[in-house]
Amino acid sequence: MDIYAEITNRIMEQMENGVIPWRKPWVAAGSAISHATGKSYSLLNQMLLGRPGEYLTFKQVQAEGGKVRKGAKAQMVVFWKWITVTDDETQEEKEVPILRYYNVFHIDQCEGLKAKHMPELPNTANAHETAEQIINSYTQREGVTLHQSEGDRAFYRPSSDSITVPHMAQFTATAEYYSTVFHEMVHSTGHAKRLNRIDRTAFFGSEAYSKEELIAEIGAAALVNHVGLETADSFRNNTAYVQNWLTVLRNDKRFIVSAAGKAEKAVSLILG
């Protein structure tokens, strides 16, 4: 049986039944959030703060009965505040934004306080021996670096030839964890020193980007099937992901056949 053709046919069969909503297979972790509200800070403030966890102002620490550790340095958080100003000539009032800031401390810089908004991780995915062997063999043979990071992103970075995925504990199921890792591994096969498939000029939402995502997802589905981890839920989510990117390609289902051929080459490289 040609597993790539079989998976392609099954994907298209499921798509005939209508739109399937894709769901993120892991619980987000690793954001910098407000201890007071539980809300994540803006992307700019995430960059300024530099690491995940809960943050408080000095007054908030005191109000909760805690104290800031001696020598702890505060970090800056910025925000826009709208104020009313009067035009000197027309006397008209208008609202203008002023950039403000305040200082916060990470909760581990404080004493007597406990985090209250950090997400509870599923811890339902388990290591699979065959899948781990495939990952270790490929990454060592090809020199690809694999990072697990508490966060909310999975990606392959060609410039450093590295893969980053959330921790296994963040995933809702074993199949979903390995599907995510395999997806990024397929991307890595497109590096110029391997199959030379990745278009450097591709950007998010472009046709080239969409096609590469389809190749990666079909390859991931084949690898999950190969190691015997496929479940109805994981395959349905694979299909939803493919369907999502096919929308960008104006539902050109014929491209799945082409993508399956490129995915087969990628998987063959991964399996050695």
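The values are calculated or read from the model by the stated rules, or taken from the named source; none is laboratory data. It should be emphasised that the depicted structure is a prediction, and the values quoted were computed from it without experimental measurement. Heads up, the Cβs are rebuilt from the backbone with ideal geometry, glycines too, and the neighbour counts pull from every protein chain shown. Note: areas computed on protein heavy atoms with side chains; ligands, DNA, RNA excluded. Shrake-Rupley method; radii C 1.70, N 1.55, O 1.52, S 1.80 Å.
There is at least one residue in region 1-11 that is under 30 Å from Val248 (Cα atoms), more than 23 Å from the chain's Cα centre (by Cα), aromatic (Phe, Trp, Tyr) and assigned to a helix (DSSP H, G or I). Taken as a whole, region 22-41 holds no residue that is under 30 Å from Lys253 (Cα atoms), open to solvent by less than 60 Å² (accessible area, probe 1.4 Å), free of Cβ contacts under 8 Å to residues at least 40 places away in the same chain and not hydroxyl-bearing (Ser, Thr, Tyr).
Could you go through region 50-69 and let me know if any residue there is part of a strand (DSSP E or B), open to solvent by less than 60 Å² (accessible area, probe 1.4 Å), touching a strand residue (DSSP E or B) at 6+ places or on another chain (Cβ under 9 Å) and on the phi > 0 side of the Ramachandran plot. Yes - at least one qualifying residue is present in region 50-69.
Within region 122-134, the residues that satisfy the criterion of being touching a residue at least 12 places away in the same chain (Cβ under 8 Å) and not in a loop (DSSP other than H, G, I, E, B) are Thr130, Ala131, Ile134. For region 141-151, filtered to residues that are open to solvent by less than 60 Å² (accessible area, probe 1.4 Å) and in a loop (DSSP other than H, G, I, E, B), the residue that is farthest from Thr130 (Cα to Cα) is Gly151.
Within region 32-84, the set of residues being touching a helix residue (DSSP H, G or I) at 6+ places or on another chain (Cβ under 9 Å), charged (D, E, K, R) and within 17 Å of Lys114 (Cβ to Cβ) comprises Glu54, Lys67, Arg69.
I'd like the full set of residues that are in a helix (DSSP H, G or I), modelled with pLDDT under 90 and in contact with a strand residue (DSSP E or B) (Cβ under 9 Å, 6 or more places away or on another chain), limited to region 37-46. Within region 37-46, Leu44, Gln46 meet the criteria. Of everything in region 107-130, what is open to solvent by less than 50 Å² (accessible area, probe 1.4 Å) and either within 30 Å of Val181 (Cβ to Cβ) or in contact with a Ser or Thr (Cβ under 6 Å, 6 or more places away or on another chain) (or both)? Give them in sequence order. Of everything in region 107-130, those that are open to solvent by less than 50 Å² (accessible area, probe 1.4 Å) and either within 30 Å of Val181 (Cβ to Cβ) or in contact with a Ser or Thr (Cβ under 6 Å, 6 or more places away or on another chain) (or both) turn out to be Leu121, Pro122, Ala125, His128. Looking across region 178-208, the residues that are open to solvent by 40 Å² or more (accessible area, probe 1.4 Å) and either within 18 Å of Lys24 (Cβ to Cβ) or touching a Lys or Arg at 6+ places or on another chain (Cβ under 7 Å) (or both) come down to Leu195, Arg197, Phe204.
For region 70-79, does any single residue satisfy the condition of being part of a strand (DSSP E or B) and open to solvent by less than 40 Å² (accessible area, probe 1.4 Å)?
Within region 70-79, one or more residues are part of a strand (DSSP E or B) and open to solvent by less than 40 Å² (accessible area, probe 1.4 Å).
When region 191-211 is filtered for residues that are modelled with pLDDT under 90, within 24 Å of Ile270 (Cβ to Cβ) and assigned to a helix (DSSP H, G or I), only Ala208 remains. Give region 163-188 a look and list any residue that's polar (S, T, N, Q) and part of a loop (DSSP other than H, G, I, E, B), or say none. Across region 163-188, the qualifying residue is only Thr172. Of the residues making up region 155-170, just one is surrounded by 19 or more Cβ atoms within 10 Å (Cβ to Cβ), closer than 20 Å to Ile218 by Cα and either touching a residue at least 60 places away in the same chain (Cβ under 8 Å) or not hydrophobic (A, V, I, L, M, F, W, C) (or both), namely Tyr156. With respect to being of a type in the set (Val, Ile, Thr) and assigned to a helix (DSSP H, G or I), Ile215 fits the description. Residue-level check: of (1) touching a strand residue (DSSP E or B) at 6+ places or on another chain (Cβ under 9 Å); (2) under 30 Å from Cys110 (Cβ atoms); (3) open to solvent by 70 Å² or more (accessible area, probe 1.4 Å), Thr84 misses just (2). Just one of the listed residues (Ser137, Ser160) is modelled with pLDDT of 95 or more and in a helix (DSSP H, G or I), namely Ser137. Note on region 188-215: residues that are within 19 Å of Arg250 (Cα to Cα) and not aromatic (Phe, Trp, Tyr) total 11.
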